[in-house]
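The structure appears right after this line, and notes come after that.
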Amino acid sequence: MPKGIGWRISLICIFVLLSFLYLTPTLATKLPSWWGGLLPKDKIHLGLDLQGGTHLVLEVDTQKAVEGSLDIVATDLEDTLTGKNLHFKRISRTGSDKVTLVVYEKGTADAVQKLVKEKYPDYEQSPVFDEGGFVAFNLRINEKDAQDRKDKSVAQALETIRNRIDQFGVSEPVIQREGINHIVVQLPGIKDPQRAIDLIGKTARLEFKMVREDIPPSSTTIPDDAELLKEKTVDPTTGAVNEIPLVLQKKALITGDLLTDAQVRIDSQFNQPYVAIDFSSLGAKLFDQVTAANVGKRFAIVLDNNIYSAPVIRERISGGSAQISGNFTEKTAADLAIVLRAGALPAPVKIIQNETVGPSLGQDSISKGLMAGMIGVLLVIGFMAIYYKLSGLIADFGMVLNILFLMGALAALGATLTLPGIAAIVLLVGMSVDSNVIIFERIREELKLGKSPGAALDAGYDKAFLTVMDSHVTTLITAAVLFQFGTGPVKGFAVSLSLGVIINLFTSLIGTKVIFDMFLHKGTVKKLSI
Amino acid sequence: MELLGKTNIDFIGQRNISFIISAIISIIGIIGVIQITRGAANMGIDFSGGTSMQVRFSKPVPISEARVALHKNGIAKVDLQEIKDSNKLLVKIDKNTTVALGKAAEAVQVAFKKGFPDNAFTVESSTEIGPSIGEKLRKDTLVAVLISLLGIILYIAWRFDFKFGIGAIAATTHDVLAMFAVFFLLNKEINLLFITAVLTIAGYSLTDTVVVFDRIRENLHKNLKGAMDNIFNASINEVLSRTIITSLTTFIAAASLFFFGGEVIHDFSLALLVGIAVGTYSSVFVASPIVVLLENRALKGAKA
């Protein structure tokens, strides 16, 4: 027996066993109860293009997060200065990175500057300047803090989105940060993608604002501290959208971050769903004060600058709970409750990529991909068997081993199979016999020179080795680059291709050779069927 | 069985014809690449940004009626395509449309609902790509193409001497350009999958070239006296059947993808088929004649 047959056969057998072992979770519909411990449990994952689902890339408007925190600083300074009896004309954010404070006289300005220096030591103060006869100065957020704020806003947005998706109920979602301000969300097998997208993309900034009934919405001049927003109502029967404009006080009395819970309830009287909200203790106290001070007036519940409802405060509400009613269906009420519970996004997000594949197309792709694969395999097997006879069958056997090992490797790595990935496997069916073709043609040549089958075989494998190696390396180079740069389906292609190329090198140089060696070592073979 | 017995074809002698053919293919390919970089070719939305949808109706819908339905609802610039043998419609909307990104898919559904109230449809897939993503993908792809070409060139430079290296690189470039030429002429969509196919072929098409080159080098070592053209011709003829058969098996596999793999990878398989065929042609008709030219010139230089 030629040396090395033993270990080569054992190696192949071990790989075959391992492949089946790793493929068991993928192939078995239900794993037996004793399957546990160290035995593999990972399946070959199907890409979104095969199982259907949505792939989203969101861009967080981080600049808005910085502006938001500056708005909070402005509000806080307003309150502090009012508390200290320091009179000011205006405190507001100007531009994207600073708060401008305008006071009436130089003396106040000095006191305010000192106070601000203590309260916000990290901010840069500008020298005082004249603004329309008043004394003003700027408070600028430093570059590092702004960066920090931006960075945190993406992390927060990711957490919030994760919460929302968890509550919405999607199995095995992928939510991860990509680059500086992108968040990738993958929702496999989702039934109603549009609803999920609306849920994820909503900023969900909830505010309670007083209605300024002294200013008619048709008024052309709206003061600085007020704003014009619209209440949208949809007629449930005709679907017509009706917009009612209202002028609101710009400053919010209570915001959504003071909520502790939000639940959908059904109004027993009109059988209409609404969202019941509970405030935190601070929120309850504020709500109590606000309602007590404004009995008989209207306040508006505003979400992302849309008015949901604007009821009249009939009495003081001190229980710490309230309800948001509007034109809800059960679904929209449930979604609103989810976003309120999960909290607002620290900054608006924009969907910059949305790829959705329906389940029917995915199923169609799987069956067609498998069909193409089967036909390809059968044609190649047939061709090789006819052209190279018994040797062709050995090459075919190598190819089948190849596919088995590749599937096993994909399962072991928990890799994702995409439609282009299936295409790569089919392509490999053709490529994997290539090496054998090169080797066989060489063997035929050696036989024509009059060598014995054994000598021709060894010479064929030896001389074809470098050629086979070259063709594999160049394919591997491009596969590796595709893996590095590709996303989604293309990455799946690269994974299958590069694994396949490496495995193919093994099966064609070791796998098929050992079978020939086994046949030939007896020395009885006079003629090679090639 | 043998497909080809002993052949004795004068491949190198045909080089004037093959060079003209290849030059035409390459020029069309270069025009295609220029048009792509200018954004004037049929770009997939993964590079250009925009919206693309695949909608399946329960009853056949003529393209003209679908266009009218979309126009009525404010979607003016739209590219419609029918998928044969099914009531499927591909809808592609440019990023420069009046409909905002993220709303286009919805707007199309609304338009179809209004336009064909008694023809139910399902959206089988929809893709929306913002301009910033398109730009990032374009950049990434360009880098990927450059790195893989560089990798291949470095490998060739290490494995072959200069003249063979030039021949191999010329053949690979030729194959890549030919794929662009075919897709440009057929006005097929240039998308990420196409680029994937191009890179795959860039790696794979070297197989044939390597097979031919290895034999040429082997024969050059054996026989240093014969005329260059003869040694090359003999080598190519010797390995001709394996050059064709290796390509044939892969071609069969790619063809089954093309005919049975479904519409999603239809164009991708077409690109592979073109690439495999051209790759075989170029190893015989481009790579080898170029090396002959370089060798002959070197010989002349040595004599003079």
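The values are calculated or read from the model by the stated rules, or taken from the named source; none is laboratory data. Being a predicted model, the structure only gives us computed values, none of them experimental. No Cβ is skipped: glycine too gets one built from the backbone with ideal geometry, and neighbour counts run over all protein chains shown. Remember, those area values only see protein heavy atoms, side chains included, never the ligands or the DNA or RNA. Shrake-Rupley method; radii C 1.70, N 1.55, O 1.52, S 1.80 Å.
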To the nearest 10 degrees, how steep is helix B:131-159 against the longest Cα principal axis of chain B, on a 0 to 90 scale?
10 degrees
What does the accessible area per residue of chain A come to in Å², with a 1.4 Å probe and no ligands, DNA or RNA counted?
48 Å²
Can you give the FRET efficiency for B:Lys113 and A:Asn306, using 1/(1 + (r/R0)^6), R0 = 25 Å, r = Cβ-Cβ distance, to the nearest 0.05?
0.55
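Report in % the part of the accessible area of chain A that belongs to carbon and sulfur, leaving out ligands and nucleic acids; probe 1.4 Å. Spell out each step's value before the answer.
Numbers: 14610 of 25190 Å².
The C+S portion of the solvent-accessible surface of chain A is 58 percent.
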Give me the extension gain from A:Leu38 to A:Glu178: residue separation times 0.36 nm, minus the current Cα-Cα distance, reported in nm with one decimal.
47.1 nm
For the peptides A:276-284, A:505-513, what is the packing order when you average, over each peptide's residues, the other Cβ atoms within 10 Å and list the highest mean first?
A:505-513, A:276-284
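Taking K and R as +1 and D and E as -1, what net charge do the other residues with C-beta under 14 Å from the C-beta of B:Tyr155 add up to? Show your work: numbers first, answer last.
Details: positive: B:Arg159; negative: A:Asp470, B:Asp161.
It works out to a net charge of -1.
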Measure off 7 Å from each Cα along the Cα-to-Cβ vector at B:Arg38 and A:Ala28, then give the distance between these two points in nanometres to one decimal.
6.1 nm
For B:41-52, what's the mean count of beta carbons from other chains sitting within 10 Å of each residue's beta carbon?
1
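Grab the other residues whose beta carbon is less than 13 angstrom from that of A:Lys119, score K and R as +1, D and E as -1, and report the net.
On the way: positive: A:Lys84, A:Lys114, A:Lys117; negative: A:Asp76, A:Glu78, A:Asp79, A:Glu118, A:Asp122.
It works out to a net charge of -2.
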Give me the accessible area per residue for chain B, probe 1.4 Å, as a whole number in Å².
45 Å²
Calculate how many DSSP beta bridges within the protein assembly as shown are antiparallel, expressed in % of all such bridges and rounded to the nearest 5.
95 percent
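A:Glu315 to A:Leu18: extension gain in nm, 0.36 nm per residue of separation minus the Cα-Cα distance? Don't skip to the end; give the middle numbers.
Values: separation 297, 0.36 × 297 = 106.92 nm, distance 7.30 nm.
Residue separation times 0.36 nm, minus the Cα-Cα distance, leaves 99.6 nm.
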Solvent-accessible ranking of A:His472, A:His521, largest area first, probe 1.4 Å:
A:His521, A:His472
With every protein chain in place, the accessible area of A:Asp517 for a 1.4 Å probe, in Å² rounded to the nearest 10, comes to 20 Å²
Accessible-area value, B:Asp267, 1.4 Å probe, nucleic acids and ligands omitted, Å²
50 Å²
In terms of the charge dipole of segment A:21-140, which places +1 on Lys and Arg and -1 on Asp and Glu at the beta carbon, the residue among A:Gly132, A:Gln63, A:Pro40 farthest towards the positive end is A:Pro40
What figure, in Å² to the nearest 10, do you get for the accessible area of B:Ile244 with a 1.4 Å probe and non-protein molecules left out?
60 Å²
Cβ-Cβ FRET estimate between B:Thr7 and B:Asn296, R0 fixed at 22 Å, reported to 0.05:
0.40
Any idea what the dipole of the protein assembly as shown comes to, in debye rounded to 20, about its Cα centre with Lys/Arg Cβ at +1 and Asp/Glu Cβ at -1?
2000 debye
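Counting partner chain Cβ atoms within 10 Å of every residue's Cβ in A:375-388, what's the average? List each step's numbers first, then the result.
Working: counts 8, 11, 3, 2, 5, 6, 0, 1, 5, 2, 0, 1, 7, 2.
For peptide A:375-388, the averaged partner shielding equals 4.
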Considering only B:Gly13, B:Phe121, B:Ile265, whose Cα is most displaced toward the positive end of the charge dipole of chain B, charges sitting on Cβ of Lys, Arg (+1) and Asp, Glu (-1)?
B:Gly13
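If you scale each eigenvalue of the Cα gyration tensor by 5 and take the root, what three semi-axes come out for the protein assembly as shown, rounded to whole angstrom and sorted largest first? Display every interim value, and only then the final one.
Details: eigenvalues 893, 180, 139 Å².
That gives 67, 30, 26 Å for the three semi-axes.
Filter the trypsin sites (Lys or Arg not before Pro) in segment B:210-285 down to the DSSP loop ones having no more than 12 other Cβ atoms within 10 Å, then list what survives.
B:Lys225
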Ignore the peptide's own chain and count Cβ atoms of other chains within 10 Å of each Cβ in B:149-160; give me the average, rounded.
3
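Taking K and R as +1 and D and E as -1, what net charge do the other residues with C-beta under 13 Å from the C-beta of B:Arg67 add up to?
On the way: positive: B:Lys72, B:Lys77, B:Lys92; negative: B:Glu65, B:Asp79, B:Glu82.
Net charge in that neighbourhood comes out at 0.
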Toward the positive end of the charge dipole of the protein assembly as shown, about the Cα centre and with charges on Cβ (Lys, Arg +1; Asp, Glu -1), which of A:Ile313, A:Leu404, A:Thr291 goes farthest?
A:Leu404
So if I place +1 on the C-beta of Lys and Arg and -1 on the C-beta of Asp and Glu, and nothing else carries charge, what would the dipole magnitude of segment A:426-485 be about its Cα centre? I want it in debye, nearest 20.
100 debye
